[in-house]
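Quick notes on the structure that follows.
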Amino acid sequence: IEKITTLAAATEGPILELGAGSGALTRNLVRLRRPLTAIDIDEHRVAELQRTLPGVTVEHADALAYPFTRPVIVGNVPFHITTPILRRLLTTGTWQHAVLLTQWEVARRRAGVGGSTMLTAQTAPWFTFTLHGRVPSYGFRPPPGVDGGIIHIVRRVCPLIPGKQRPPYERFVRAVFTGRGGSLDRIVQQATRSPRTLVREALNEAMIESRALPRDLRPEQWAALWRHLDG
């Protein structure tokens, strides 16, 4: 809770907390003395927080439908809906920072530890992902079956790729991640229908080893590959 609060304190603007629950995190966020809206899908918990935290805007709402228009999003994300919430965060809203507690494996993969996921590669030109520690399962009540992880997602001020190119870029990343060919140059060649010499030239310019896998590529390498082969 202190780690999440500290990360939120380094941001600016009103805060939206997803899944406030009993308010363990909410009560710490109040100390930041910033406009705070907390939402939860449990109406009984909402009523209790409205009674005990009169300075906080507490709403009965679903995180899968509530608008993400506050500059800062914070939350202990329910593990069973982590992926849909992340997908929604990375495709909607005008928020600038998201500090989330998710399953450890999700946080680790989103931050690119041990290789990135397709979702991370598809969104990394517009967002950065930083891992801020592991939370053991015994720290939760009730304890889940897996550990948690704290991840800080920041919207890039200067995207690596123009926003209008996002749909075709996402299709490009999906084609590479799901493609076949035995080697990255062959996979990219099939995904883009580009001449193999052009693909190899693009890989060299992006400083991508031929033996690399899609999960090994850094955001800057994905962007460089796209710029070279786009069109």
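Structure values in brief
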item: Solvent-accessible surface ranking, highest first, for Trp126, Trp104 at 1.4 angstrom; result: Trp104, Trp126
item: Carbon plus sulfur fraction of accessible area for the chain, probe 1.4 Å, in percent; result: 53 percent
item: Most to least accessible of Arg110, Arg27 (protein chains only, probe 1.4 Å); result: Arg27, Arg110
item: The chain: calculated mean residue ellipticity at 222 nm from DSSP helix runs of at least 4, using -39500 (n - 2.57); result: -10500 deg cm²/dmol
item: DSSP bridge pairs, the range 1-155: antiparallel proportion in percent, nearest 5; result: 45 percent
item: Solvent-accessible ranking of Phe68, Phe177, largest area first, probe 1.4 Å; result: Phe177, Phe68
item: For Glu59, residues with placed amide H under 5 Å, excluding near neighbours; result: Ala38, Ile39, Asp40
item: Accessible area (Å², per residue) of the chain, counting only protein heavy atoms and a probe of 1.4 Å; result: 52 Å²
item: C-alpha long axis of helix 219-229 to longest principal axis of the chain, angle in °; result: 40 degrees
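The values are calculated or read from the model by the stated rules, or taken from the named source; none is laboratory data. Since this is a predicted model, take the numbers as computed values, not measurements. Surface accessibility is based on the protein's heavy atoms, side chains included, excluding ligands, DNA and RNA. Shrake-Rupley method; radii C 1.70, N 1.55, O 1.52, S 1.80 Å.
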